[in-house]
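Asker: If you scroll down you'll find the structure; I have some questions about it.
The values are calculated or read from the model by the stated rules, or taken from the named source; none is laboratory data. Small disclaimer: the values here were computed from a predicted structure and weren't measured. Note that we place each Cβ from the backbone using ideal geometry, even for glycine, and neighbour counts take in every protein chain shown. Ligands, DNA and RNA are excluded from the accessible area calculation, which covers all protein heavy atoms including side chains. Shrake-Rupley method; radii C 1.70, N 1.55, O 1.52, S 1.80 Å.
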Amino acid sequence: MISFDEAEKLLTEYGQQHLLYYFDRLDDTEKDSLLSQIQQTDFSVLKSLNRDDSAKNGLIEPPDTAVTSKQGEKYKKTGIETIKDGKVACVLLAGGQGTRLGSDKPKGMYNIGVTRELYIFECLINNLLDVVKLTDTWVPLYVMTSEDNNRDTVGFLKEKNFFGYNSEYVKFFIQDMSPCLDFNMKILMQDRHSIVLSPNGNGSWFSAMVKSGLIKNLKENGIEWLNVFSVDNVLQRMADPVFIGSVIDMSYECGSKVVSKSDPFERVGVLCKENGKPSIIEYYEMTDDMKSQLDSSGKLAYRYGVTLNYLFRTEHLEKLANARMPVHLAEKKIPFMNRDGDFVIPDKPNGYKLETLVLDIVRMQGNCLPFEIDRETEFAPIKNMHGADSVDTARELLKKNGVEL
Ligand code: UTP
């Protein structure tokens, strides 16, 4: 464990000496706990932060034309064979804090049933089970959690018997945590002897898999394709043979399930090209002209909203194992202890969470197939309790798709 002097030197290098402000008033256990947390924190991340990380420098152009689920039917056979050959696994990104939903449990444990229990995890597993039945093959499912929610997530899925999934094919891994900052780039304190930490963003999934040793598991099992998806879209289809077959038969390095934007100003990131490489541009990075720009067929040029469902080729990910991912500053409401030692729950954003993003992994690929799904049947994200992308809208869509609530 580092000494006080070593900690002070380290913190001075990064302008974070305030973490030791209460040190003299801590008991021995608290002192040890703070020093150990300081030792474990990767402060170097603070040096690679780009405050203006939203600015795109490259030439932005519309992406390739999408293949729709209907057009892709002809590639389904390839997808089925690839799954049957055991070359496909799924990666569920479930390490987020789901703060907008406001539940104190992992988002996947949220019960969206009305007259019966129906959990978000259950919806996802049910959808995956359709592929298991179709292909008569268990698709390995890797679940990323965080230090915050690992125990609850694992305990819940075990208690529910993995909702019928074969537990031998389910593996968990834990992503790292990053310190949270105030708007002056100072690390926030939780209490006098601990730093506020949050999961380090969904772009860390591959390095977390490597760190956990699961990469060996992928190699040993000959897994060539990873379908990475978020926890919140309860209608999404994972290990979708049509999607997989399309990416393979059309010789793409990766694919992204996209939906056509409902209107030019929908607040969703869209697939584009940046200097000829696949990229994703956030709605707040686009000018109004870009949002309304039409292509030669009269459709929005930037119409493919990403749904956080990607297919990556394992061999193209290996270079990322040691790559330093860009770290984005996400403005959030972060409960913290102020200088007077009072715990504050802010009602508006007061700082940044440091997050790596999956979209930066897309940017590191040579090309990306936009695979267009029907939003009415495959896109029901749950971000909020009410309003857009909420429990309410997801329930409506589930009902429309014949799911009993
Ligand atoms: P979101 O960006 O919606 O974040 O995550 P969130 O944490 O779930 O929700 P808010 O913003 O606090 O309300 C998109 C997906 O990425 C996962 C989430 O679990 C979700 O599946 N994620 C996000 C991680 O796995 N780890 C992270 O550090 C962040």
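Asker: Residue 49 versus residue 322, label points 7 Å from Cα toward the beta carbon: distance in nm?
Answerer: Each label point lies 7 Å from its Cα, and together they span 2.8 nm.
Asker: In whole Hz and in residue order, list the ³J(HN,Hα) couplings for the range 331-342 that follow from phi through the Karplus curve 6.51 cos²θ - 1.76 cosθ + 1.60, θ = phi - 60°; x for Gly and Pro.
Answerer: The phi angles translate into 5, 9, 7, 10, x, 7, 9, 7, 4, 7, x, 8 Hz.
Asker: At a 1.4 Å probe radius, carbon and sulfur cover how many percent of the accessible area of the range 113-263? Can you show the working numbers first?
Answerer: Values: 2540 of 5690 Å².
On the range 113-263, the fraction of accessible area on carbon and sulfur atoms equals 45 percent.
Asker: By accessible area of protein heavy atoms, probe 1.4 Å, what ranking do 78, 377 get, highest first?
Answerer: Values: 78 35, 377 65 Å².
Sorted by accessible area, descending: 377, 78.
Asker: Kindly identify the range 12-168 as rounded, prolate or oblate by the Cα gyration tensor criterion: order the square roots of the eigenvalues as a ≥ b ≥ c, call it rounded if a/c is under 1.5, otherwise compare a/b with b/c, prolate if a/b is larger, else oblate.
Answerer: Numbers: a/c = 2.57, a/b = 1.54, b/c = 1.67.
Taking the square roots of the gyration eigenvalues as a ≥ b ≥ c, the range 12-168 is oblate.
Asker: Ordering 87, 211, 70 from largest to smallest accessible area (1.4 angstrom probe), what's the sequence?
Answerer: On the way: 87 65, 211 145, 70 175 Å².
Largest to smallest exposure gives the sequence 70, 211, 87.
Asker: Using only the alpha carbons of the chain, what is the convex hull's orientation-averaged projected area in square nanometres?
Answerer: On the way: hull surface 84.3 nm².
Approximately 21.1 nm², given one-decimal rounding.
Asker: With θ taken as phi - 60° and the coefficients 6.51, -1.76 and 1.60, list the Karplus ³J(HN,Hα) couplings across the range 100-112 in order, rounded to whole Hz; mark glycine and proline as x.
Answerer: Karplus values, whole Hz, x for Gly and Pro: 5, 6, x, 8, 8, 9, x, 4, x, 8, 6, 8, 9.
Asker: By the scheme Lys and Arg +1, Asp and Glu -1, what is the net charge of all other residues having a beta-carbon under 12 Å from that of residue 30? Can you show the working numbers first?
Answerer: Working: positive: 25, 31, 192; negative: 24, 27, 28, 32, 191.
My count for the surroundings of residue 30 gives -2.
Asker: Work from the charge dipole of the range 312-352 (Cβ charges, +1 for Lys and Arg, -1 for Asp and Glu, about the Cα centre) and give the residue of 321, 337, 349 farthest towards its positive end.
Answerer: 321
Asker: Using each residue's phi in the range 352-366, evaluate 6.51 cos²θ - 1.76 cosθ + 1.60 at θ = phi - 60° and report the 3J(HN,Hα) Karplus result to the nearest Hz, with x for Gly and Pro.
Answerer: My calculation for the range 352-366 gives 10, 9, 9, 10, 8, 10, 4, 4, 6, 6, 4, 4, 8, 8, x Hz in order.
Asker: Run the simple label-point estimate for residue 262 and residue 211 please: 7 Å along Cα→C-beta, distance reported in nm.
Answerer: With each label point 7 Å from Cα toward Cβ, the separation is 3.7 nm.
Asker: Run the numbers on the range 249-405 and let me know its relative contact order in percent, using alpha-carbon pairs under 8 Å that are six or more apart.
Answerer: Values: 238 pairs, mean separation 43.0, N = 157.
Averaging sequence separation for qualifying contacts and normalising by length gives 27 percent for the range 249-405.
Asker: Rounded, prolate or oblate: which fits the range 243-284 when a ≥ b ≥ c are the square roots of the eigenvalues of the alpha-carbon gyration tensor, with rounded for a/c under 1.5 and prolate only if a/b beats b/c?
Answerer: Oblate.
Asker: At 1.4 Å probe size, what's the solvent-accessible area of residue 173? Round to the nearest 10 Å².
Answerer: Only protein atoms counted, so the area is about 0 Å².
Asker: Quote the charge dipole size of the range 247-405 about the Cα centre in Debye, to the nearest 20; the model charges only the Cβ of Lys and Arg (+1) and of Asp and Glu (-1). Each step should come with its number before you reach the end.
Answerer: Numbers: 22 positive and 26 negative charges, 41 e Å.
That gives a dipole near 200 debye.
Asker: Explain nothing, just the number: dipole magnitude of the chain about its Cα centre with +1 on each Lys and Arg Cβ and -1 on each Asp and Glu Cβ, in debye rounded to the nearest 20.
Answerer: Numbers: 49 positive and 60 negative charges, 175 e Å.
I would put it at about 840 debye.
Asker: With labels modelled as points extended 7 Å from the Cα through the Cβ direction, what inter-label distance (nm, one decimal) is found for residue 331 paired with residue 344?
Answerer: Here the modelled spin labels are 1.6 nm apart.
Asker: What residues have an amide H closer than 5 Å to that of residue 142, excluding those fewer than 5 places away on the same chain, when H is modeled at 1.01 Å from N in the peptide plane?
Answerer: So residue 142 has HN proximity to 90, 91, 92, 171.
Asker: Pairs of alpha-carbon atoms within less than 8 angstrom and 6+ residues apart define the contacts here; what relative contact order does the chain have, in percent? All intermediate terms of the calculation are to be shown ahead of the outcome.
Answerer: Working: 782 pairs, mean separation 93.8, N = 405.
Computed over the chain, the figure is 23 percent.
Asker: Follow-up question, since we're still on this one. With a 1.4 Å probe and all protein chains kept in place, how do 287, 115, 314 rank by accessible area, largest first? Please report the intermediate quantities before stating the final value.
Answerer: On the way: 287 80, 115 115, 314 10 Å².
Solvent-accessible surface, decreasing: 115, 287, 314.
Asker: Would the range 274-340 count as rounded, prolate or oblate if I go by the C-alpha gyration tensor, calling it rounded below 1.5 in a/c and otherwise prolate when a/b exceeds b/c, oblate otherwise? Spell out each step's value before the answer.
Answerer: Numbers: a/c = 2.86, a/b = 1.30, b/c = 2.19.
Oblate, since a/c reaches 1.5 and b/c is not below a/b.
Asker: Let me ask something else about it. Might you report the magnitude of the Cβ-based charge dipole of the range 39-168 about its Cα centre, with Lys and Arg at +1 and Asp and Glu at -1, to the nearest 20 debye?
Answerer: Values: 17 positive and 18 negative charges, 54 e Å.
For this selection, approximately 260 debye.
Asker: Go through 145, 92, 134 and say which Cα lies farthest out towards the positive end of the charge dipole of the range 48-167; charges sit on Cβ, +1 for Lys and Arg, -1 for Asp and Glu.
Answerer: 134
Asker: Given H placed on each backbone N at 1.01 Å, which residues far from residue 68 in sequence or on other chains put an amide H within less than 5 Å of it?
Answerer: 372
Asker: Just need the relative contact order of the range 232-329 here, percent rounded to a whole number, with Cα pairs under 8 Å and 6+ apart. Working shown, then result.
Answerer: On the way: 101 pairs, mean separation 30.6, N = 98.
Computed value for the range 232-329: 31 percent relative contact order.
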